[in-house]
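Can you read through this structure? Questions will come right after.
The values are calculated or read from the model by the stated rules, or taken from the named source; none is laboratory data. None of the values given here were measured: they were computed from a predicted structure. Cβ atoms come from the backbone with ideal geometry, glycine included; neighbour counts cover every protein chain shown.
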Amino acid sequence: MSEQMRSEGQEAAQLAGASAGAARMLRQRRTQREVLLMVLRVAAEYDFWVTLAELAEKTKFPPASISAQLRHLRKAEYGAWKVERRKRDWVTDGLVWEYKLGIGGS
């Protein structure tokens, strides 16, 4: 593996907060929904909850767009994924929601 390929893989893994295999998937042309679903799957694998801001940072998509995609993921035509939402308890300055892909998704 070339140094450039190794560097690109590490950079993509950091972007997704994921394994090298998931990072390779990110480099391919994916829809926003596919990228978001992949990041949520990785987060759920490690039992992490993520906010819209954190998802925006990882995916480079705007929070409002991510919010819309989260709603789509719950719809039957997009897989009827169980996307859980809860208030982030330790945030004292305003209301912050965090999300996790739940058990029972497609």
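Test GLY21 against the stated conditions and say whether it is surrounded by 16 or more Cβ atoms within 10 Å (Cβ to Cβ) and modelled with pLDDT under 85.
Numbers: surrounded by 16 or more Cβ atoms within 10 Å (Cβ to Cβ): no; modelled with pLDDT under 85: yes.
So GLY21 does not fit the description; no.
Then there is this: Would you mention how many residues in region 81-106 are hydrophobic (A, V, I, L, M, F, W, C) and under 19 Å from VAL35 (Cβ atoms)?
Going through region 81-106, the residues hydrophobic (A, V, I, L, M, F, W, C) turn out to be 81, 83, 90-91, 95-97, 101, 103.
Checking which are under 19 Å from VAL35 (Cβ atoms) leaves us with 81, 83, 101.
Matching residues across region 81-106 total 3.
From the list LYS58, LYS75, which residue is of a type outside the set (Asp, Glu) and touching a residue at least 24 places away in the same chain (Cβ under 8 Å)?
Details: LYS75 fails: touching a residue at least 24 places away in the same chain (Cβ under 8 Å).
Just one listed residue meets the conditions, LYS58.
Which of the residues spanning region 96-106 are of a type in the set (A, V, I, L, M, F, W, C), within 14 Å of LEU52 (Cα to Cα) and either crowded, with 17+ Cβ neighbours inside 10 Å or at pLDDT below 90 (or both)?
Initial filter on region 96-106 (of a type in the set (A, V, I, L, M, F, W, C)): 96-97, 101, 103.
Adding the requirement that they be within 14 Å of LEU52 (Cα to Cα) leaves 96-97, 101.
If the condition is that a residue be of a type in the set (A, V, I, L, M, F, W, C), within 14 Å of LEU52 (Cα to Cα) and either crowded, with 17+ Cβ neighbours inside 10 Å or at pLDDT below 90 (or both), then LEU101 is the only one that fits.
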